[in-house]
Amino acid sequence: MNISLPESERHRLRDALKRRNLRPTRQRSYVYGIILEKPDHPTADEIHQRVRDKLPTISLATVYNCLDTLVECDLVKQVNLDRSPSRFCPNRNPHAHFRCRETGKVYDVALDHERLSSLEQILPDGFQADTIELSFAGTGPESSLPAFIKPSKESPNK
């Protein structure tokens, strides 16, 4: 029952928790490791399913508590797109998100310093942004595939 966090991430987790007088519990380590392992912007339910493969007794409530802590510690970002469930992103670099309306997949879109500066310039005088949350929605590369190649939206059992 060992989570394979890279050494740098293990230190980052430990230090971030220590700054808030929190312990690096096994549950927090596993939840963080799952998000880093497959950075596909999973929901809390998806994270719960993945963690249960390694910690079968972990509850959904514990996963939510761990996610709240990881967000509070700035280790992951909570991403809210439309009315869909929150997703969690380990990318701490400036970026936007793109959600494909057909596949539901969420992608990171890099924002360099020049683009960030141009976004900040549209603010009215006297306003200063601490954070920028930018998201796009549309169709992605998989959406342009012929219908017989696209992933099915319905399960094969229906």
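The values are calculated or read from the model by the stated rules, or taken from the named source; none is laboratory data. Model, not experiment: these values are computed from the prediction. Glycine gets a Cβ as well: all are built from the backbone with ideal geometry, and neighbour counts include every protein chain shown.
Please list, ordered by first then second residue, the pairs with beta carbon atoms under 8 Å, 6 or more apart or interchain, first in the range 5-20 and in contact (Cβ under 8 Å) with a residue 12 or more places away in the chain, second in a helix (DSSP H, G or I) and acidic (Asp, Glu).
Close Cβ pairs satisfying both conditions: 20/72.
I'd like the residue in the range 83-116 that is among the β-branched types (Val, Ile, Thr) and either in contact with a Cys (Cβ under 9 Å, 6 or more places away or on another chain) or at pLDDT 90 or above (or both) and, out of all such residues, is surrounded by the fewest Cβ atoms within 10 Å (Cβ to Cβ). Spell out how you get there, then give the answer.
Start the filter on the range 83-116 by keeping residues that are among the β-branched types (Val, Ile, Thr), which leaves 103, 106, 109.
After this cut, where a residue has to be either in contact with a Cys (Cβ under 9 Å, 6 or more places away or on another chain) or at pLDDT 90 or above (or both) as well, the list is 106, 109.
On the way: 106: 20, 109: 12.
Here the answer is 109.
Output the residue which, of all residues in the range 6-64 that are of a type in the set (Phe, Trp, Tyr) and crowded, with 18+ Cβ neighbours inside 10 Å, is farthest from residue 91 (Cα to Cα).
First pass over the range 6-64, keeping only residues of a type in the set (Phe, Trp, Tyr): 30, 32, 64.
Filter once more, so that each one left must be crowded, with 18+ Cβ neighbours inside 10 Å: 30, 32.
Numbers: 30: 17, 32: 12 Å.
Per the criteria, the residue is 30.
In the range 17-48, how many residues are under 14 Å from the mean Cα position of the chain (by Cα) and basic (Lys, Arg)? Lay out the reasoning, then the answer.
So in the range 17-48, the residues under 14 Å from the mean Cα position of the chain (by Cα) come out as 31-48.
Filter once more, so that each one left must be basic (Lys, Arg): 38.
Result for the range 17-48: 1.
Of all residues in the range 1-30, which are within 16 Å of residue 74 (Cβ to Cβ) and hydroxyl-bearing (Ser, Thr, Tyr)?
Within the range 1-30, just 8 meets the criteria.
Yes or no, residue by residue, for (1) assigned to a helix (DSSP H, G or I); (2) touching an Asp or Glu at 6+ places or on another chain (Cβ under 9 Å); (3) closer than 23 Å to residue 97 by Cα:
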site: 39; (1), (2), (3): no, yes, yes
site: 57; (1), (2), (3): no, no, no
site: 65; (1), (2), (3): yes, no, no
site: 71; (1), (2), (3): yes, no, yes
site: 75; (1), (2), (3): no, yes, yes
